[in-house]
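All remarks here apply to the structure that follows.
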Amino acid sequence: KVPSTIRDLAAPDFVVTGYVPDVTPYFTGCRVSIAPLRYGAGVKGKVNLAMSYGVPVVATPAAVEGMHLADGYDVLVADHPQAFADAIVRAYTDEATWKRLSQGGVDNIRRHFSRDAAKRSLARVLGLA
């Protein structure tokens, strides 16, 4: 149930959907995901979800805090509005950057946030590894 103040922002190039039961079509159909978070703690699901689909992420420092991400390899990080906009354009238009971020994000998910990574952590905690 999207509030009318948000729904009114919709435009041909800015879709306001509200709840969607399956995000797959959105992530497989987009080129860059942005996470302009000003605050937050812990792992950001929205960042990991985009990276799990191979979608490069442009984020603020708060959005990537504690997530084992390297700026320029796994993600592009920018804090100021112009730098953030420039990073979005770079991720969108520079094919080499796009490919590096896409692969780096997928690799990061595999190393730190996959089922196998969780199994390894649990085995360590339980003294089984």
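Points to keep in mind about this one:
- Restricting the calculation to Cα atoms, region 3-56 shows an Rg/Rh of 0.99 when the hydrodynamic-style radius is the Kirkwood one.
- Potential extension, Thr28-Val106 segment - 0.36 nm per residue separation minus Cα distance: 26.7 nm
- When both region 101-124 and region 1-40 are represented by their alpha-carbon centers, they are found 26 Å apart.
- Principal-axis tilt of helix 115-125 within the chain, Cα atoms, nearest 10 degrees: 40
- The phi-based Karplus calculation (6.51 cos²θ - 1.76 cosθ + 1.60; θ = phi - 60°) puts the 3J(HN,Hα) values of region 38-49 at 9, 7, x, 9, x, 6, 9, x, 5, 6, 4, 4 Hz, whole numbers, x for Gly and Pro.
- Solvent-accessible area per residue, Å², over the chain with all protein chains present [probe radius 1.4 Å]: 66
- Acute angle (nearest 10 degrees) that the helix 81-93 long axis makes with the longest principal axis of the chain, alpha-carbon atoms: 80
- Accessible area of region 45-128 belonging to carbon and sulfur atoms, whole % at 1.4 Å probe: 57
- Pair-distance profile P(r), taking every C-alpha pair of the chain, with 10 angstrom steps and integer %: 12, 37, 34, 13, 3, 0
The values are calculated or read from the model by the stated rules, or taken from the named source; none is laboratory data. Small disclaimer: the values here were computed from a predicted structure and weren't measured. Ligands, DNA and RNA are excluded from the accessible area calculation, which covers all protein heavy atoms including side chains. Shrake-Rupley method; radii C 1.70, N 1.55, O 1.52, S 1.80 Å.
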